[in-house]
Structure formats: C-alpha cells, structure tokens
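Data block below; observations after.
Each reported figure results from applying straightforward, stated rules to the coordinates on display, with no laboratory input. These numbers were taken from a predicted model, which means no experiment stands behind them. Cβ atoms come from the backbone with ideal geometry, glycine included; neighbour counts cover every protein chain shown.
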Amino acid sequence: MRKLLLLLTVVTVGLVFIARLFYLQVYNKQAYNLFEDSAIKKVYDYPKRGYVYDRNGKLLVANQPSYDVMVIPREVEPLDTLEFCRLLKISKDDFKKTYNRAKNYSPRLPSVFVPQLSKTDYAVLQEKMRKFKGFYIQKRFLRDYRTSIGANVLGDIGEVNQRIIERQPYYKMGDLIGKQGVELSYENILRGVKGIKFIQKDRFNKNIGPYKEGRYDTLPQPGKDIKITIDSDLQQYGELLMTNKRGGIVAIDPSNGEILALVSAPSYNPNILVGRGRSKNFTQLFRDSIAKPLFDRGLQAQYPPGSPFKVINALIGLQEGVINTGDKVTCRMGYYYGSRKLTGCHHHKSPVDMNNGIAQSCNAYFVNAYRKIVDKYDDAGNAMNTWAKHAKSFGLGNYLGYDLPVGQKGRIPDGDYYDRAYGDNRWGSTYIVSNAIGQGEVEATPIQLANMAAAIGNRGYYYTPHIIKDIEGETIDTKYTTPKYTTIDKRHFEPVIQGMFDVYNKGTAATLRIPGIDICGKTGTAENFIKIDSVKTQLTDHSIFVAFAPKDNPKIAIAVFVENGYWGSRFAGRMASLMIEKYIKGEITRTDMEHWILTHSLENEYAKPYSGEPFKINGETTLQVVDKVVADKVEKLENDDLSNSIRINANQPNQK
Amino acid sequence: MYRENHRGFRFDWITIVLFLLLVGFGWLNILSASHEGEITSYFDMSQLYGKHLVFIGLTFVLIVLILSLEAKFYERFASIIYIAAMLALVGLFIFGKDVNGARSWYGIGSMTIQPSEFAKFATALALAKYMSDLQTNMNSLKDQLRAVAIIMVPAILILLQNDAGSTLVYTSFFFVFYREGLQQVYLIIALSTIVLAVLALKFGLITAAVVSVIVLIIVYFFRRKKRSSLIQSIVLLLVCIAFSAGVKLFYKHVLQPHQQNRISLWLRLEKDPVLLEKMKKEEAYNLIQSEQAISSGGLFGKGFLQGTRTTGKFVPEQETDYIFSTVGEEWGFLGSTLVVILFMALIIRILYLAESQKSQFSRVYGYGVASVFFIHFTINTGMVMGLIPTVGIPLPFFSYGGSGLWGFTILLFIFIKLDSNKINEW
C-alpha cells in the first residue's frame, strides 16, 4: 500500500489530464474556422458594384467613393482632440459621445466614427491621419444615381443588419446590401464577390505578416453590370404625369414581357437615400403613413379592377359557349333580378351587343354574361372553379413571378372561396354578380392588369413581366423568355379586341384618341372606402385604365391607376393615351390632354379624409387646378427639403 | 574486464531516452513559442530558442560530470551540498535581483541563475541521507520534525523571496515520508485538510461543519474495534470547524489579492458579473488564452510552427510556464496526450527503479525525484489546462530557462548514477 500511493496518484492525475485534454480539444471543439480565429485579421477588398443601365444604354446608377473615419477604441492613443474635431467638423461633445458609443460596442472591433466625409474634408484629413493612432479611413463605394426617377425600380443599398449576417455569413458588419428594387433582386450579380486577406496578428493586434504566406487569400471579383427593361424617357414622362396624384402606371412590351415603365406616385429622388442623410430620410419616408412613398403602387396596390375586368368575363363567356357576340341585352339603367336591382348602370343606348357592351361598359350586359357562366352547371361551385381557372390563366389572382422584390397576389375567388364564405352550396350567381364588373371579391394589382392587357393584345399568351434585360456575360432566366398561354382560344379574342378598340372609337374613351395609333383600351371606375374614426366612409372613385396599342402586333400594354381620380377616362385614360403616344411616337401631339393632366391636381382630394371635416365626393367635388408642372421641376423629395415636400403636397390650399 | 566493458550499459537507458525525448520535444515547442519572424539559424543567440539550445548543450557536460563522479560522493557530500544550497538561497537576500516581484535570481553579467532550482536536488539528497540513517525512525515525532525541518528551511527561504509557487513544490516530499513509514493518520489529515479547505471556501463554513459532523458520526459508529471516546470526537469536530474558519480567514486576510483571485477563479467564487468580466480581462486573461490555444488545436493540432495563437503570442509566458499550450495548439490532442504519457512513464519508471534499490539512501532519493517531477508536472499542466489555480512553476525539461533545465537534469542524473551503482551495494 505504501508503495502504491504515489503510483496510483500519478496514474489518476495522468488519466484526468488526458480526459481534460479530450474535453478541450475533441469533445468541446467546433471545427476550426479561419474566420472565427481572433488571431487572424480578415481584411476585405470590396469590388466595384455593377452599374445599372436602362434599355437604351443610358447609365442610371453608378458608384461614388465615400470615406468613413473608423475607430478601434483600444488602439487609440492620447491625441489632440481639438485639432481632430476641427478637421472632422464635429464638436468635442460629439467626439466624446461617439467615442464612448464605439467603446461600448467593442473596444477591439472597428466602428464608424464619422461616416461619409466630403472629398475636400477627406483630402485635408488624410495627410494628418497618421497623427491619430487608432483612427483610420475606410473607403467604401456608395451608389451614385445619375437620375432622379425610378426610385421604386432602382431601389437602394444599405448596411446589413444582424439578421442578414446570421442568415448569410458572406456579409460582415458594415457591408452594404441591396434593400429594395433591382438592387435587391439582383444583389448577387451586382455586388460581385469581395476579396479577402488573412493576416496573422499578435496579441497587441499588430500585423505580423500574411497567414500561411497568403495561401487562403482571394481576389475580389467585380460586380456585373446589368441593363434593365425600363425606358427612362417613358418612366420620366410617367412620373411627370403622376405629379400631384397618387397611383401607379405599369407599361409592358407584350412581345417579350419587358417592363417599360413602372411608375409609383408619390415617389422620391433615389439620391436622398445615399450618404449621410440616408437614415434620417429613410425614416421620414418610412413613417409617412399617408402618402406612403415607399409603397410601390404599381406592384403592391391591390384594388378591385373595375370595368377592365369585364373583358375577361366576355372572353370566358365566349370560351364556355354561354354567350354569342350577337346576343343583345336590354339595359334599364341597371340589372334587375325579378324586381330587385342587382347593379346600377350609367346612361347609354340600349339594348347592347357585346361590342357595345364593352365600348359603353354596360353593367347589365356583363352581369347577364357572368350569370350565364356561373349557371352553366347545376353546381355553382364547379362553375366558379372553371371561371377562376380561366381568369387565373391571365396571371391574375397569384404572384406573377416577376423579378422585383415586392408584390401582391390579388384575388380571384373560386367555388371553394364562396363555400367557405357562405357555406357549402348555400350561394348562387346572384350573390356574387359584383365580380361581373370587376368589383366584389375580385382584386388585382396594376402590373397584373397591364399583363392582362398584354395577354389580350397577344391574343392569348403573355411573357412573365420582368425588369432585367441583360446581364453582363450571362443570359437571363428562361422563365422570362417562355410564353405562357391562357385557356381562351385565339378566335375569341378578335371580337373582344374590337370592342376595346371601339372604346376609343365610340365608347367611353372616344375623346382620348391619338391620331395615327390604333389603341384598344378599357376604362374603369372603382368605388372605395376607408374608415374614418371607425366609420366606413366612401371616397371619390378610383380612376382606372387598361390599354394596349397598336391593335395588331401591340408594342405596349399599359395599366394606369389613379387614386380618387373619379371616372376611368378622366385621369387614367388620358395618362394611358399620352404614355402610349410618348412610347410609340416619341413625342406628344395631344398637348391639350397633356396640359390638362399637368394642370390638375388631386392633392385636395387626398387631404379630405384628414381634414377632420365632412366632405363631398365624386360628382359633387371640384377639381383642383394648379400651375402647369414642368418636366425639369418635377416635384421630387429632394435631399434638402424633404421635410417639406410631401406635407406641402398634402396640405396645399384648395384652388379652383 | 567484463564489468569494465559493460559499465556504460548499466545506466537505465529507458529513463535516459525518456529524458532526451522530453528535452527534444520541449525545445521544438520553445522554438515555436519564441521565434520572432523568420528562423535564420537555430543557434541565433538573440532568440530564446537559440539560448535554450546552448543550455541543452551544456546539460550534456553536466551529465557527463555527474555520471563520472563516484556514486558514494553524493551520499557522503549530501549535507555539504545542502548547506551550500541553503547559503545560496540566503545570499539572495543580499545579492539577489528582483524579477517580477520575486527575489529569486543572481545576476552574473547578462546571465541569471535561480538557486531555488538547485535547492530541490540538494534537499532531496539531504532528506535521503537523514532518512537512511540507521538512527532515524520515521515513526518518532522527533525524527519526523527533523525531517520536516530539512524541507522547511528551503521552503521558507523561498517563500520569503516571494516565490510561493516554488515553495509548494516542497510539499511533494510528503510522498517520500509516507513511503518511508509515516503513520496512516497523516495521510488522512492531509486529505481532510484539502477537502475541508475547498468545502469551506466554496460552500461556506456551515457546509464544512455539517460535512464534518456527518463524517465523524459515521466514523464513530463504524469503527467498533477501536472506538474513540465521544469527547475525542467532539474535540476533533471543533478542530475541523476551527480549521475551516481559519482557512476562510487565511484566504481573506493573509493571501495577497492576486492569490485570492486565482483561487476565486478556480473555485468560481465570484458571482458578480461585472467583477467577473473584469477578472476575465485581467487575472484570468492568461488562463483563458491558454485554454483557447489548447482547445483550438483539436485532434491533430495545427502543425509545427503553424499555431495562430502561438505565432501571435496570445499566451503570455508561453515559452516558460505556459509551454504546454503550444503543445496543445500545434500538436493537438495526440501530441499533448503523448507528452502526458511521457511524463507518466518517466515518473513511473523512476518509482520502479527506486523500489528496486538496495540502499535506502538511493530509494529515498529516487522517491524524492519522482515526487518533485510529479508535483511540477501536475501543477504546471493542470494550471495550463485550467484544472488547478494559477501557480507559476515550470514544466520540467519543457519550459525555457537554464536554471530549471539544469536543476532537473542534476536531480534526475544523480538518481541514474545511484541506480547504476546498485549492483555494488550489497
């Protein structure tokens, strides 16, 4: 026993140590990761971000260098704060505050001390920088928007947040990432791949040479340039027309699905989201819950489509064989079911066939057609499912699959939808006649309507709308080059298109004709309501217009939506016609129409619900007339006077 | 003639090979931990690895010297060597040089020598001589106290020079006493003091008292043959409680703040997160860096000269007391386990040889050698991997430093010499 004590102790200690080593080195250990080794400094080399061009090769988005003053608190040595503050143009209090914040964040990691110096400040500072230990200048690339238009399409870039870093380890604190628009959709193409250098540090954070002679270092790969389908002249014109209004314009080339213009109003100048003002300006845009400048009305606004949807019902009726083009329907200022008036109508000549039904936008005609579709089968649910299948083949009722990051599904109700709402088979065609005229449960976004117009113009197919035209050295996704067919036979389109053509010849848009261009269109007027102090209140109707031109081999399909613009041809119809003329002719001959749009504002209409006083709508209102908006003075939210612009728009005194 | 021919082979080559492996592997790690920039020459005297290589070279001169002396010399001159070593320690108070707050070095030109490293083998020799004396009886209290005195003289001198770690080494001679017939009760007392001290510090006085009561009750009822009286047991209990209280007072009022912190870290006594955070940055910095370096080595290690934390000098004192963290980082679990096994093999081999000695002097000395290696290895390696509170003592044959290397070499090779002579000791 006496001989064994030390021996046993030695063996025990040895085994305990081996167990401890096993715990430290094998059991408790994650795979060695170079990126997490605090003894290795990672220095990133940021590549140039790809440029964005419009369809005609005009440069829209480039880069500009920006210089951030960074600080690593624990490397800071006593310095002449007075001189430093003077160079940076900050006060001593600012210095203390920022320094303490950086120190609290991490004494070891770099923090931004003063972001985005001007070039002159940078030049002066750079020479003196060596005097200030622990501070250094980090060069980054910011976006340089060479245009004031298309903020909703181009989007912007901003610093990654913690959630992105956790999900995508490529990004590190302080990296920039696309936040909206094509910057977000094509982030991986535009950003390139940053290069990385691994540098061995000692415990004083001093560099002591490359890690393993730079074996793991990589070079940056520059971002690729992209060309987008936007026609910047058309886009700019659309934004001009939308001044003082709210709504969206979507123009698509039906022959390939390229989005020619995507206007959302109100908008802002993309340059205000670059540089020092970004966070302040973004907050202001984000917090504006009335004008909602960040809300892309072309993609995200879901409204009842109104009358343009009637043409879909006409096509479904023909396809299902329940109506003929020659069938006439009598309209007694509405549709009557027994003695009950299910829907009203406006004054026009009666009876109408399909051609006049479309041209005059007769509600009675389409309720009649719609009831025939729904009552075709004994089971209304079955019939509605068939109807929904047809409607959805136009890209309605679901995401279109375009390459922009935001959107809405819209809604096409089917039999199951009403079974859920009313109970199985406890409903019939008379319950849901509003769908006949694009009200009721049907909802669509402007881009869906534009796409629908494209499908009609193409006589039965469409290409998925997209914003990408070209990627440097790559081909675009084949889903944008493969046509999608509707479930309607080609022969049924001609009479419907003729009806839409006659909308311009003799119908609701007869005054909007453009000489030399055969336009097919359809007006729309949609009732809408909001809650004011929990009381459902009706506002002036939305003005909607859907069109394509020319009639044969269309080059442009367009949907225009103007909030509270009253009837279809009043605002939306004029704008659609002007946009078509601008795109096809390149110039405007209907200057009267253009003048009318540019001199009329809806701002007083938008101010009404917030005035706190009772107000009138629709026919009882007067239109606000303003000085003609001039192209180069398009009211945009500029960097300096952002705080004023939207508010001024909303609160302008009523003018007549 | 026959005996003359085979004289050289009577040395225990297993021990010598183990020694060479440890010194060689140790030097590779010193090279890795101490090199700055490119390695131009292994004999670069401006670098620590270059100096250490010279120390190793001189070690062989020492070895030849030690082995060529008569084995009897060490027994005969044990007392004189001991007295010389003690005088060297005393001389430090007059001629010594302060390094890191400890007055343990003589400065000779640019060289420094640490006499406490040489005091160990001197003490082991003296102890062996005293205990192998026919008139010494380790069961008598008087002789026990004399033997303890031999140990206490260098231990106290070193403690006074503010080198508490080295003092701790002398407790290892307890194993020698025990082997040579110290009563069982001392072992029980030694274990009890350790357990009580930890209990009192970690869980408080009341827990320590309650545990003492329970243990004493169990002992009282189960030791039927030689049941102690109730009064004896109560006195024992009071002693235990008084001891526990004493430990707490000692911890609070006698230990220096850095020593308190080390124990507090080890037993995780500090609960205040702010103070704990502060501790992590200051007191525990070395420990955390060392554990991280070891842990980052993984199963196979990052490879010789490839350790990122070693190259970046993240672990302070890495070439001396924390050399084992280099092994951990660059050679991984396999390499560090190998080192642990080498040390175990060396100690067990020495124990085996000690048991086979015919002279009591050689056996006691061998036991002393094994004990000293054991305590150095246990405390140093345990500290580097975070099992034992921080105590600054070197890892034998691994840590950088001439005095340490020579001290341990002399300690070991005197035993090898004694062992080689056992055939003559009928």
Considering the convex hull of the alpha carbon atoms of the range B:311-379, report its projected area averaged over all viewing directions, in nm², one decimal.
-> 5.1
Other-chain or far-sequence residues with amide H under 5 Å of B:Lys313's (modelled H) | none
Out-of-range pairs (alpha-carbon distance over 21 Å; input A:Lys194/A:Lys479; A:Lys531/A:Lys616; A:Lys201/B:Lys281) | A:Lys194/A:Lys479
A:Asn425-A:Ile532 pseudo-label distance in nm [points 7 Å out on the Cα-to-Cβ vector] | 4.7
Sequence-distant or interchain residues sharing an amide H contact under 5 Å with A:Arg411, placed H: which?
-> A:Gly397, A:Glu443, A:Ala444
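Using Cα pairs closer than 8 Å and at least 6 residues apart in sequence, work out the relative contact order for chain A, in percent.
Numbers: 1368 pairs, mean separation 84.8, N = 656.
Computed value for chain A: 13 percent relative contact order.
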Which value, in debye to the nearest 20, gives the size of the charge dipole of the range A:232-651 about its Cα centre, when Lys and Arg are +1 and Asp and Glu are -1 at the Cβ?
-> 760
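Between A:Ser38 and B:Ile194, what FRET efficiency comes out of the Förster formula 1/(1 + (r/R0)^6) with R0 = 30 Å and r the beta carbon distance, rounded to 0.05?
0.20
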Based on the Kirkwood radius over alpha-carbon pairs, what is the Stokes-Einstein translational diffusion coefficient of the range B:127-242 at 25 °C with 0.890 mPa s viscosity, in µm²/s?
-> 148
The equivalent-ellipsoid semi-axes of the range B:17-99, taken as the square roots of five times the Cα gyration tensor eigenvalues and listed largest first in whole Å, are 32, 21, 10
Compute the distance in nm between two label points, each set 7 Å from the Cα along the Cα-to-Cβ direction, one at A:Ala510 and one at A:Lys409.
-> 4.3
Förster radius 56 Å - calculated FRET efficiency between A:Glu587 and A:Arg491, Cβ distance, rounded to 0.05 = 0.90
Return the tail of the calculated pair distribution for the range A:42-226, meaning the percent of Cα-Cα pairs more than 19 Å apart.
-> 66
Whole-Å distance linking the alpha carbon centroid of the range B:380-426 with that of the range A:568-635 is 96
For A:Tyr53, distant residues with modelled amide H under 5 Å away = A:Leu60, A:Ile226, A:Lys227, A:Ile228
Inter-label distance, nm, simple model (7 Å from Cα along the C-beta direction), A:Asp144/A:Phe286 | 2.8
For the range A:405-537, alpha-carbon Rg and Dmax in angstrom = 19.3, 58
How big is the Kirkwood radius of the range A:191-249, worked out from every pair of different alpha carbons and given in Å to one decimal?
-> 16.4
Compactness index (Cα Rg / 2.2 N^0.38 Å), the range A:232-651 | 0.97
Charge dipole of chain B built from unit charges on the beta carbon (Lys, Arg +1; Asp, Glu -1), centred at mean Cα; most positive-end Cα among B:Phe93, B:Met344, B:Thr326 is B:Met344
So what's the protein assembly as shown giving for Rg/Rh, alpha carbon basis, Kirkwood Rh from the mean inverse pair distance?
-> 1.22
Compute the separation of the alpha-carbon centres of the range A:462-524 and the range B:160-190 and state it in Å as a whole number.
-> 98
List, in order, the whole-Hz ³J(HN,Hα) value for each residue of the range A:606-617 obtained from phi through the Karplus relation with A = 6.51, B = -1.76, C = 1.60 and θ = phi - 60°; use x for Gly and Pro.
-> 6, 7, 4, x, 9, 6, x, 10, x, 9, 9, 10
Phi-based couplings in Hz for the range A:43-56 (Karplus 6.51, -1.76, 1.60; Gly and Pro marked x) | 10, 9, 10, 7, x, 5, 7, x, 7, 10, 10, 8, 5, 9
What translational D, rounded to a whole number of µm²/s, comes out for the range A:357-423 from Stokes-Einstein when the hydrodynamic radius is the Kirkwood one over Cα pairs, at 25 °C and 0.890 mPa s?
-> 180
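Within 10 Å of each Cβ in A:4-12, how many Cβ atoms from other chains are there, averaged over the peptide?
On the way: counts 2, 5, 15, 7, 0, 5, 14, 3, 0.
What the average comes to for A:4-12 is 6.
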Expressed as a fraction of 2.2 N^0.38 Å, the rule-of-thumb size for a compact globular protein of N residues, what is the C-alpha radius of gyration of the range A:34-87?
-> 1.94
Any idea which of A:Met384, A:Ile358, B:Ile194 is furthest toward the positive side of the dipole for the protein assembly as shown, if Lys and Arg beta-carbons carry +1 and Asp and Glu beta-carbons -1?
-> B:Ile194
How are the C-alpha pair distances of the range A:17-133 spread across 10 Å bins, as whole percents from the shortest bin up?
-> 10, 27, 23, 18, 13, 6, 1, 0
Dipole magnitude (debye, nearest 20) for the range B:189-254, charges at Cβ of Lys, Arg, Asp, Glu = 260
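Report the charge-dipole magnitude of the protein assembly as shown in Debye, nearest 20, computed about the Cα centre from +1 at each Lys and Arg Cβ and -1 at each Asp and Glu Cβ.
Charge dipole, the protein assembly as shown, about its Cα centre: 2580 debye, nearest 20.
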Just name one of B:Phe43, A:Tyr46, A:Thr12: the one whose Cα is farthest towards the positive end of the charge dipole of the protein assembly as shown (beta-carbon charges, Lys/Arg +1, Asp/Glu -1).
-> A:Thr12
For the range A:124-179 and the range B:57-78, what is the separation of their Cα centres, given in Å?
-> 71
Let me know the Rg and Dmax you get for chain B when you use only its Cα atoms, in Å.
-> 23.2, 75
Zero-based 10 Å bins, Cα pair distances in the range B:189-254, whole percents | 22, 50, 22, 5, 0
Over the protein assembly as shown: helical MRE at 222 nm, DSSP H runs n ≥ 4 each giving -39500 (n - 2.57), nearest 500 | -14500 deg cm²/dmol
Grab the alpha carbons of the range B:180-315, take their convex hull, and tell me the volume per residue in Å³.
-> 206
Ratio of Rg to Rh for the range B:1-139, alpha carbon only, Kirkwood?
-> 1.05
Determine which residues of the range A:51-81 fall in the zone a paramagnetic label at A:Lys96 would reach in this model, i.e. backbone nitrogen under 15 Å from the point 7 Å along Cα→Cβ.
-> A:81
Under the Karplus relation 6.51 cos²θ - 1.76 cosθ + 1.60, θ = phi - 60°, what is the ordered set of whole-Hz ³J(HN,Hα) values for the range B:203-220, x standing for Gly and Pro?
-> 10, x, 4, 5, 4, 4, 5, 4, 4, 4, 4, 4, 4, 5, 4, 4, 4, 4
Whole number please: convex hull volume per residue, Cα atoms of the range B:297-426, in Å³.
-> 109
Leaving out same-chain residues fewer than 8 places away, which aspartates and glutamates sit with a Cα under 19 Å from that of A:Lys119?
-> A:Asp68, A:Glu83, A:Glu127, A:Asp144
